Amino acid sequence: MKSLLIATTNAGKLKEFQGLLRGHFQCEPLPAHVVAVVEDGKTYQENVLKKAKGYFELFKRPVLADDSGLELDCLNGAPGIDSAHYGGEKLTWKERWNFLFQELASLGISRPKARFRCVLCYYDGVVPPLFFEATTDGYIAQGPLGTEGFGYDPIFYSSDLGKTLGEATPSEKSLVSHRARAVKKFLDWFQDNVT
């Protein structure tokens, strides 16, 4: 089985990738000592390209990099690429949710439409960097529901599942999530072009 370096320091993302790629790749985490590539791009694509190339140069192994975010139309696409730091660098996830709820309350909006977006970049030093993008739609719940997943999952109500991603089992989430859909596009390409 081929080995693939997963370019994330987020334990939740790593676990998801390991589940989504099981049977196709041996997913390797970044070494604990590695200095994280700074994600200072203006777009998801800039961030994933920087991570994929940066970690490939360090380890000379095929890399799959991810950047993703929560987007709300009523906030002009925010939090977007700043989703992990929205409201402040040191906030807990509960504090970050509350910051978002306060913003929505100030606009007088309940149940705003939202989507998760994921952009992946695969780079192996042979083919040019390849990008795979996908979304999943829903809205922001009025409060957190469920304890599954990570990040914004408990406050994101999935239109496909009829529940928050925090209430969804890992197998349910793997059917509809933005990351699952982007990974499927990557696997389809890989199977057609590499294997």
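The values are calculated or read from the model by the stated rules, or taken from the named source; none is laboratory data. Values in this document were obtained by computation on a predicted structure and should not be read as measured data. Here Cβ is always computed from backbone atoms with ideal geometry, including for glycine, and neighbour counts include all displayed protein chains. Just the protein is used for accessible areas: all its heavy atoms, side chains included, with ligands, DNA and RNA removed. Shrake-Rupley method; radii C 1.70, N 1.55, O 1.52, S 1.80 Å.
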Inset, instruction - Being small (Gly, Ala, Ser) and not in a helix (DSSP H, G or I) is the filter here, so list the residues in the stretch 80-96 that pass it. - result: Gly87, Gly88
Inset, instruction - Among what's in the stretch 12-34 and is over 19 Å from Leu49 (Cα atoms) and either touching a Cys at 6+ places or on another chain (Cβ under 6 Å) or in contact (Cβ under 8 Å) with a residue 40 or more places away in the chain (or both), pick the residue that is surrounded by the fewest Cβ atoms within 10 Å (Cβ to Cβ). - result: Gly12
Legend entry - Breaking point among (1) outside any strand (DSSP E or B); (2) touching a strand residue (DSSP E or B) at 6+ places or on another chain (Cβ under 9 Å); (3) closer than 25 Å to Asp188 by Cα, for Glu39: (3)
Inset, instruction - Please give the strands (runs of 3 or more DSSP E) falling wholly within the stretch 97-195 in which 1 or more residues are out of contact with any Leu (no Cβ under 9 Å at 6 or more places or on another chain) and open to solvent by less than 50 Å² (accessible area, probe 1.4 Å). - result: 113-123, 130-140
Inset, instruction - Could you check how many residues of the stretch 98-114 are over 23 Å from the mean Cα position of the chain (by Cα) and free of Cβ contacts under 8 Å to residues at least 24 places away in the same chain? - result: 4
Legend entry - Members of the stretch 169-195 that are among the charged types (D, E, K, R) and farther than 11 Å from Leu20 by Cα: Glu172, Lys185, Asp188, Asp192
Inset, instruction - Output the residue which, of all residues in the stretch 45-90 that are among the aromatic types (Phe, Trp, Tyr) and open to solvent by 20 Å² or more (accessible area, probe 1.4 Å), is nearest to the chain's Cα centre (by Cα). - result: Tyr86
Inset, instruction - Quick one: in the stretch 47-79, of everything that is assigned to a loop (DSSP other than H, G, I, E, B) and free of Cβ contacts under 8 Å to residues at least 24 places away in the same chain, which residue is farthest from Cys121 (Cα to Cα)? - result: Asn76
Inset, instruction - Please state which one of His33, His24 is farther than 28 Å from Leu175 by Cβ and over 16 Å from the mean Cα position of the chain (by Cα). - result: His33
Legend entry - Some residue of the stretch 121-142 being more than 26 Å from Asp188 (Cβ to Cβ), touching a Cys at 6+ places or on another chain (Cβ under 6 Å) and modelled with pLDDT of 95 or more: no
